[in-house]
1. What are the pairs with Cβ atoms under 8 angstrom where one residue, in segment 29-44, is farther than 12 Å from LEU62 by Cβ and near the ligand (Cβ under 6 Å from one of its atoms) and the other, located anywhere, is charged (D, E, K, R) and not in a loop (DSSP other than H, G, I, E, B)? Sequence gap at least six, or different chains.
2. Does segment 46-60 include one or more residues that are more than 8 Å from the ligand (Cβ to nearest atom), assigned to a helix (DSSP H, G or I), at pLDDT below 95 and on the phi < 0 side of the Ramachandran plot?
3. State all residues of segment 61-90 that are within 11 Å of the ligand (Cβ to nearest atom) and part of a strand (DSSP E or B); if no residue qualifies, say none.
Amino acid sequence: MSHAPDAQPSASLTERQKLRLDARSQVEVEVEVDRERCVGAGQCVLAAEAVFDQDSTDGRVLLLEPPPGGHARTDVEQAVRECPSGAITVTPARSPT
Ligand code: SF4
């Protein structure tokens with residue numbers, strides 16, 4: 001349950017967050033977690049503790065606020081690969097409409 005000192009978890013069943021994951025890139029991606037699908041395995045927190053946390057009541061994934069700066073790309077990609085339930089998706093950020 002460790003995370004960056006100023007980051008706070010937020011909780012809803014599906015959470016989305018736009019992140020600039022690579023400091024050398026202007027491209028933002030959107031990280032989405034499906035808390036209904038999450039089985040609380042915690043691999044995402046181990047891979048990217050600046051981005052993910054687990055709810056202290058049910059162990060399900062939480063996205064931390066504020067999102068981290070541009071250094072988390074490989075960590076988030078590792079979290080996606082290692083999540084046993086497929087609860088994390090990363091897509092190019094959508095433009096506001
Ligand atoms: S790795 Fe996947 S299943 Fe495990 S806590 Fe994170 S999102 Fe949930």
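The values are calculated or read from the model by the stated rules, or taken from the named source; none is laboratory data. Note that the structure is a prediction, hence the values are computed from the model and not measured. In this analysis, Cβ positions are derived from the backbone assuming ideal geometry, glycine residues included, and neighbour counts consider all displayed protein chains.
1. GLN43/GLU82
2. No - not one qualifying residue is present in segment 46-60.
3. VAL61, LEU62, LEU63, ILE88, THR89 - these are the residues of segment 61-90 that are within 11 Å of the ligand (Cβ to nearest atom) and part of a strand (DSSP E or B).
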